[in-house]
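To keep things clear, I will list the structure first and then write my remarks on it.
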Amino acid sequence: MAKKALVSTIESSGKDDAGYRVLEVVESGNEFPVNSNLQWHNCPDNVEMDKWWYDPVTSSFKKLPFAVNPWETAGDLAKDDDGNYTEAHEWNWDTESYSKVQIV
């Protein structure tokens, strides 16, 4: 069944805070009346509240960094002989994934 996301147009989220926070996700047909600062949008079934954001420029939903486990997408981080990390995970807003970068 299709889903609907309730988006707050007064709570910024996403890359450069250019989008809006997803407050709620419900099955289509279970929407309820909302204030004019809130909007219902069709969304993919995997969208979750507070883990995704709505991009009004592209009318699409995108993942937030904490919705993705960096170790699952980028792998383990390298350490030096003393056990200190020599790499860090870095979020890429365009690919919605983490990569590893060297710590300088």
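The values are calculated or read from the model by the stated rules, or taken from the named source; none is laboratory data. From a predicted model like this one, the values you see are computed outputs, not experimental measurements. Note that we place each Cβ from the backbone using ideal geometry, even for glycine, and neighbour counts take in every protein chain shown.
Could you tell me which of the residues V47, V57 is under 19 Å from the mean Cα position of the chain (by Cα), exposed (fewer than 11 other Cβ atoms within 10 Å of the Cβ) and hydrophobic (A, V, I, L, M, F, W, C)?
V57
Based on this model, can you work out whether G83 counts as modelled with pLDDT of 95 or more and of a type outside the set (S, T, Y)?
Judged against the criteria, G83 is not a match.
Which numbered condition in (1) loosely packed, with under 14 Cβ neighbours inside 10 Å; (2) under 18 Å from the mean Cα position of the chain (by Cα) is the only one that L6 fails?
(1)
Please verify whether region 82-95 includes one or more residues that are hydrophobic (A, V, I, L, M, F, W, C), in contact with a Cys (Cβ under 6 Å, 6 or more places away or on another chain) and in a strand (DSSP E or B). Steps first, answer last, please.
We begin by selecting, within region 82-95, every residue hydrophobic (A, V, I, L, M, F, W, C); these are 88, 91, 93.
Restricting the remaining residues to those that are in contact with a Cys (Cβ under 6 Å, 6 or more places away or on another chain) gives none.
There is no residue in region 82-95 that is hydrophobic (A, V, I, L, M, F, W, C), in contact with a Cys (Cβ under 6 Å, 6 or more places away or on another chain) and in a strand (DSSP E or B).
Out of all the residues in region 1-22, which are touching a Phe, Trp or Tyr at 6+ places or on another chain (Cβ under 8 Å) and without any contact (Cβ under 8 Å) to a residue 24 or more places away in the chain?
E11, S12
Identify, from the list S12, S36, S60, the residue that is among the polar types (S, T, N, Q) and touching a Gly at 6+ places or on another chain (Cβ under 8 Å).
Matching residue, one of S12, S36, S60: S12.
Exactly one of these conditions fails for R21: (1) in a loop (DSSP other than H, G, I, E, B); (2) within 19 Å of V68 (Cα to Cα); (3) of a type in the set (D, E, K, R). Give me its number.
Here R21 clears every test but (1).
Going by the conditions given, is K79 basic (K, R), surrounded by fewer than 14 Cβ atoms within 10 Å (Cβ to Cβ) and touching a strand residue (DSSP E or B) at 6+ places or on another chain (Cβ under 8 Å)?
Working: basic (K, R): yes; surrounded by fewer than 14 Cβ atoms within 10 Å (Cβ to Cβ): yes; touching a strand residue (DSSP E or B) at 6+ places or on another chain (Cβ under 8 Å): yes.
Judged against the criteria, K79 is a match.
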